[in-house]
Number of protein chains: 2
Amino acid sequence: MSHHSVPVAPARGALRPLGLDEVTISGGFWGDRQQRNAQATLAHIEGKLESEGWLGNFDLAAAGRLPEGRRGREFADSEIYKYLEALAWELGRHDSPDLEQRFRAIVMRVAAAQQPDGYLHTAFGRPGQRARWSDLEWGHELYCFGHLFQAAVARERTRPGADDGLLAVSTRVADLVCDVFEDGGIESICGHAEVEMGLAELARVTGSPRYAAMARTFVERHGRGTLREIAYGREYFQDDVAIREAEVLRGHAVRANYLSAGAVDVAMDAGDADLLDALRRQWAQTVATRTYVTGGQGSHHEDEAFGDDFELPPDRAYSETCAGIGSVMFSWRLLLAGDIGGGGVEKYADLIERTLYNVVATSPSRDGRAFYYANTLHQRVARQPAHPEATSANAASSLRAPWFDVSCCPPNVARTLASLAAYVATADDDGVQLHQYAPASVRTVLADGREVAFDVETSYPDAGTVRVVVRSAGEWTLGLRVPSWAEGAQLRVGDELPVAVTPGRADVRRDFVAGDVVTLELPMAPRVTRPDPRIDAVRGCVAIERGPEVLALESLDLGPAGDDVDDVVVAGDPVERDGRVRVPLRRMKVDAGGWPYGGDAASIGGGVPEEAFEVPLISYHDWANRGPSTMRIWLPEA
Amino acid sequence: MSHHSVPVAPARGALRPLGLDEVTISGGFWGDRQQRNAQATLAHIEGKLESEGWLGNFDLAAAGRLPEGRRGREFADSEIYKYLEALAWELGRHDSPDLEQRFRAIVMRVAAAQQPDGYLHTAFGRPGQRARWSDLEWGHELYCFGHLFQAAVARERTRPGADDGLLAVSTRVADLVCDVFEDGGIESICGHAEVEMGLAELARVTGSPRYAAMARTFVERHGRGTLREIAYGREYFQDDVAIREAEVLRGHAVRANYLSAGAVDVAMDAGDADLLDALRRQWAQTVATRTYVTGGQGSHHEDEAFGDDFELPPDRAYSETCAGIGSVMFSWRLLLAGDIGGGGVEKYADLIERTLYNVVATSPSRDGRAFYYANTLHQRVARQPAHPEATSANAASSLRAPWFDVSCCPPNVARTLASLAAYVATADDDGVQLHQYAPASVRTVLADGREVAFDVETSYPDAGTVRVVVRSAGEWTLGLRVPSWAEGAQLRVGDELPVAVTPGRADVRRDFVAGDVVTLELPMAPRVTRPDPRIDAVRGCVAIERGPEVLALESLDLGPAGDDVDDVVVAGDPVERDGRVRVPLRRMKVDAGGWPYGGDAASIGGGVPEEAFEVPLISYHDWANRGPSTMRIWLPEA
């Protein structure tokens, strides 16, 4: 049992994840966001959990005053647990008596609501409430428990043996879950996957094979028509095809990713190579056919679901923040498992990087107190800001909103940012692999006792230079991911001549001495990206990317050229000047109105084009921080 | 008060609609569908209304046994009323003792459920049910009443003075509505527009100014924040902007069209030129920016709503059948009102024709016992047939389905087909205008007593020849619509030389003698249609049209070329041969998999194209009648 501060600690696997106790992000793009998360977002979330009454639900439960006065949706408990998990990771980054006190105070309120048999949910089971387990399709009971378990795991891995009681609360819940749901009991599953991951990690923390077996059972019960049919179809909760027979992720995109992540956990613990292989194939197919250029997943607003292959409309992208986080969880677990089909594990880190920069970083506002729930790739009509005190009912009706009726995303962002250092690096028997680039310090001990210490110095992604400064002496291998987009990257060891490295992994094996420097130079010129021709919705368009960032055109930058991003076309290659990527545009010629379909191309958008003008692009994640605007990533070509 | 058999009888207006007593469709495309409607669909619907228990709800109400046992959604009553309306029109087409008996039997069951004060709804107001008017946002009480009124109007106009009691039931309900909702009472509206049209026509049938005033009040209360805010926003039920200040249709597409149609009724009766002009502008803007090439409207599945301007994804088209029918209702009312801005009223008939052929005709299956609720323009994955006994919960999960949980579309199609002859022709002081082409006989009397009689002989849209054979003697003007797509049309009067006519209206004023023939020749060669460049979702694609029909590529016609409509491109112009339109295609070159975005066009869909092969297209409305298939209207160009 690992005591490293990691969210995922498989018993086996090719690579061991380094935890918050081994990796510290010390600044830069992600360091800034971690700081904002700590200084603004966590308090913002706790304020909302109090003012919305979702924390108060536990007090009412403890006082025997439910169901009267209960507030929030049936899954509101889970937001408290995700917040606790975020606090646990934040406390794993550095001590804070204030945060520690807040953490313990909430755990006490949660624990007080636990019933004698271990059941712990504020929306079910009391007189006047629906019976326990009576609505597995929509009730989210096990989903909430899964988040509780993850919070307890985060706490145990960052404060082993803490006497706050959260782990004991969780194991009592987990014992009850096993009593109720093991074969011979209620042989069903939760309509929203999550408990699988939670149980698998709780098993790893406690050493309980029963929890691991329960996780496996839940995973395997999916796809057997276990739940009732619903209007969205059984694929909505992945109960349509058995998990090892599925070919691609489908249905609700958060559910699909959470289930897949939990299934990797199960496969790793059970040594189930067939299951692992099925999940690798599903991941590859999902990336090839159902993922936005941002890494976002989910193209249906109606059921928050994946669409069919290549159904990726930018203007109706749902790309839920939580689905992006779920995708990071799934990819990270496959990375740790290692790869068999060739190509290495870097493809998983590539998608993680893409998703972190272009989905997870897009969600929070600059002040850390408002969030996108859905992350559209094309905003046609400027949305107004949400009222700062408002709770938003609709995930797409405003600019970033401070809170939602269904507020899964804000605490999910918070726990992800607080634990982000745990996704930076791994170790194997002979060294350390760097998967994400940020200013960081890495200190670890390999399995055979060799100490490895180095710092990463970089202003990535502003610039493409990544300097690894070794701080320990000894022979080991440094692995550096060369992103898939980084054609022309170069690696330099000390004063040696630079050598070209190709996308994948560049290994440097040396008998290092403290002060040695390894420098990776990643090419940061803007790139013109074209879509697979089967993605109908962006045919004839290009996206501009720079490093790991997808760029966007925001109407506020059109200046005197107007305010509509929808009537311009790209008229040339992007250039970088004065620190910004600029692209030449021309206005489209369009008719004044009338039936918008006709035989003559010249009459529809034809005519003599205007002169080109140059407009700066912004990082997509930075859009909608300057007030109402329209925006698009995919730009039509002239 | 007109006693002609028409669904819409404005007191004034440029054109008087000819009713079922004046126009008979005698065969052809629409005649076949009317026959199928009469022989299969009506009985199918009645069977479902019985087996689903929605008719039985009225019996339970009469027996005082509600709410226990009530079945169906809160708006289930409305389906009975739409079915009654369909029966009334069908009985207006020709006598049928059997239908007459069925009509009267249902009216008796409905009437028995009416409460002493006139209230008549099976889902509200009894102990154990929600209170009357307690949920105007979602309750659909007034919506149901509106359909009741339309049924009573249809009956009164096809069987004036019938002693079945439906009109008396309706006026008692309408009196109650006025008592409750007039200013000083509940100053609100229904979340689903419909009662406005119903009250306006009931006023025309009964001569009650009170009903007309109530209709006007309901129309004017929209857009004033009258209803509670909902998650979809107030635009969902058009309560966001006052109707005379709105610029375009928005929100739920059926609600928006029904409200607009009712508002035209109100504007006509009140002589409110400003309101009428606002509605004409909204119609024009909606057609220019928010309408599919099929005439379909609504691009959001989530809220069954219009999207933003030019947000018209073919693969996520909702294009609800009922929205198409609502659009026909709105357009027809504007046509009757006449036009002021130039261009004539033919644009309204153009959209009606497009919508009838490509939305309304698409919904029912060939056997008339299954229906599309949503009408996608691009089916990426073949759907399986719905179970013939099943009630479909999801409007897009199968091929046409026999019935739906929300089953508004089947009876809406039935009433539309049964009354279709009333949308064919109008009269003004000097003659008759033909707006739709079908084999038909037309017999009417102009305002000054001149008798006009003629037959229409045509196999349109198979062929483009429309022969009008005059059967009466006298001087009058025959107006023939030349569709907007019919560049190169020719008109011939008797043995005279043909003359070219341009889109709009071709008038022939003659002192006709019986036997005179006027022949319109419409060009029926397939046309290549390109979209406005702002419609991102179909950039780089063409649609093929022929006459009023939009054509489609169905996978079943790809033959040895494979079964996926999504990896072919158009490689040349369509040709017509052996009675079918054929188009040369080539297979797209696509990569085997991997990240679907890249810099090199050649690596994504590039390479040497295969040889072209020729594939027949079908009429879009005819797709999915040969089993599971994929389909697309918009075809990428090579």
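The values are calculated or read from the model by the stated rules, or taken from the named source; none is laboratory data. Worth saying up front: this structure is predicted, and the values here are computed from it rather than measured. Backbone-built Cβ (ideal geometry, glycine too); neighbour counts: all protein chains shown. Calculation scope for accessible area: heavy atoms of the full protein, side chains included, ligands and nucleic acids excluded. Shrake-Rupley method; radii C 1.70, N 1.55, O 1.52, S 1.80 Å.
Before moving on, here are some points about what is shown:
- Residue that is farthest from the other protein chains (Cβ to nearest Cβ) [pool: residues in region A:384-428 that are charged (D, E, K, R) and more than 19 Å from the chain's Cα centre (by Cα)]: A:ASP428
- Hits in region A:542-555 (condition: closer than 14 Å to A:THR294 by Cβ and in contact with a strand residue (DSSP E or B) (Cβ under 8 Å, 6 or more places away or on another chain)): A:ALA543, A:ILE544, A:GLU545, A:ARG546, A:GLU549, A:VAL550, A:LEU551, A:ALA552
Quick grid of which residues meet (1) within 22 Å of A:PRO533 (Cβ to Cβ); (2) polar (S, T, N, Q); (3) not assigned by TED's automatic domain parsing to the domain that holds B:PRO313:
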position: B:CYS541; (1), (2), (3): yes, no, yes
position: B:ILE544; (1), (2), (3): yes, no, yes
position: B:PRO548; (1), (2), (3): no, no, yes
position: B:SER555; (1), (2), (3): yes, yes, yes
position: B:ASP563; (1), (2), (3): yes, no, yes
position: B:GLY572; (1), (2), (3): yes, no, yes
position: B:ARG577; (1), (2), (3): no, no, yes
position: B:ARG580; (1), (2), (3): no, no, yes
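- Taking the criterion of being facing chain A (nearest Cβ under 9 Å) and buried (at least 21 other Cβ atoms within 10 Å of the Cβ), the residues of region B:282-291 that qualify are B:VAL287, B:THR289, B:THR291.
- Filter result for A:VAL381 (at pLDDT below 95 and within 11 Å of another protein chain (Cβ to nearest Cβ)): yes
- Of the residues making up region A:517-526, not one is surrounded by 23 or more Cβ atoms within 10 Å (Cβ to Cβ) and within 12 Å of another protein chain (Cβ to nearest Cβ).
- Any hit, region B:383-394, residues being on the phi < 0 side of the Ramachandran plot, crowded, with 24+ Cβ neighbours inside 10 Å and out of contact with any Asp or Glu (no Cβ under 6 Å at 6 or more places or on another chain): no
- Leading residue by the ranking (nearest to the other protein chains (Cβ to nearest Cβ)) among those in region A:549-578 that are in a loop (DSSP other than H, G, I, E, B) and touching a residue at least 60 places away in the same chain (Cβ under 8 Å): A:ASP564
- Index of the failed condition, B:ILE80 passing every other in (1) buried (at least 24 other Cβ atoms within 10 Å of the Cβ); (2) among the β-branched types (Val, Ile, Thr); (3) within 30 Å of B:THR444 (Cα to Cα): (3)
- The residue that is nearest to B:GLU611 (Cα to Cα), counting only those in region B:577-596 that are at pLDDT 95 or above and open to solvent by 20 Å² or more (accessible area, probe 1.4 Å), is B:PRO584.
- A:ASP495 being within 14 Å of chain B (Cβ to nearest Cβ), part of a loop (DSSP other than H, G, I, E, B) and open to solvent by 60 Å² or more (accessible area, probe 1.4 Å): no
- Single residue of region A:225-270 satisfying the filter (of a type in the set (Phe, Trp, Tyr) and within 22 Å of the chain's Cα centre (by Cα)) that is surrounded by the most Cβ atoms within 10 Å (Cβ to Cβ): A:TYR258
Here is a yes/no grid of residues against (1) in contact with a Gly (Cβ under 9 Å, 6 or more places away or on another chain); (2) in contact (Cβ under 8 Å) with a residue 60 or more places away in the chain:
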{"position": "B:PHE58", "(1), (2)": "no, yes"}
{"position": "B:ILE80", "(1), (2)": "no, no"}
{"position": "B:PHE103", "(1), (2)": "no, yes"}
{"position": "B:THR122", "(1), (2)": "yes, yes"}
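This table checks each residue for (1) within 14 Å of chain B (Cβ to nearest Cβ); (2) at positive phi; (3) assigned to a helix (DSSP H, G or I).
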| site | (1), (2), (3) |
| --- | --- |
| A:PHE310 | yes, yes, no |
| A:TYR318 | yes, no, no |
| A:GLY324 | no, no, yes |
| A:LEU334 | no, no, yes |
| A:ASP339 | no, no, no |
| A:GLU353 | yes, no, yes |
| A:THR362 | no, no, no |
| A:ARG369 | no, no, no |
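- A single member of B:GLY56, B:GLY64, B:GLY128 is farther than 30 Å from B:SER459 by Cβ and buried (at least 17 other Cβ atoms within 10 Å of the Cβ), and it is B:GLY56.
- Subset of region A:5-43 (residues that are closer than 21 Å to A:TYR437 by Cβ and either in contact with an Asp or Glu (Cβ under 6 Å, 6 or more places away or on another chain) or open to solvent by 60 Å² or more (accessible area, probe 1.4 Å) (or both)): A:SER5, A:LEU15, A:ARG16, A:ASP21, A:THR24, A:SER26, A:ASP32, A:GLN35
- Criterion violated by B:ARG380 - all others in (1) of a type in the set (D, E, K, R); (2) closer than 22 Å to A:GLU302 by Cβ; (3) outside the structural domain of B:TRP54 (by TED's automatic domain parsing) satisfied: (3)
- Among residues that are buried (at least 20 other Cβ atoms within 10 Å of the Cβ) and either at pLDDT 90 or above or more than 10 Å from chain B (Cβ to nearest Cβ) (or both), A:VAL542 is included.
- All conditions but one from (1) open to solvent by less than 10 Å² (accessible area, probe 1.4 Å); (2) touching a Phe, Trp or Tyr at 6+ places or on another chain (Cβ under 8 Å) apply to B:ARG534; the one that does not is (1).
- Under the condition of being among the charged types (D, E, K, R) and farther than 28 Å from B:GLY464 by Cβ, the residues counted in region B:28-50 number 3.
- Residue selection: A:ARG159 satisfies the criterion of being open to solvent by 10 Å² or more (accessible area, probe 1.4 Å), within 20 Å of A:PRO7 (Cα to Cα), at pLDDT 95 or above and not hydrophobic (A, V, I, L, M, F, W, C).
- Single match in B:TRP476, B:TRP485 (criterion: among the aromatic types (Phe, Trp, Tyr), outside any strand (DSSP E or B) and either touching a Leu at 6+ places or on another chain (Cβ under 8 Å) or within 13 Å of another protein chain (Cβ to nearest Cβ) (or both)): B:TRP485
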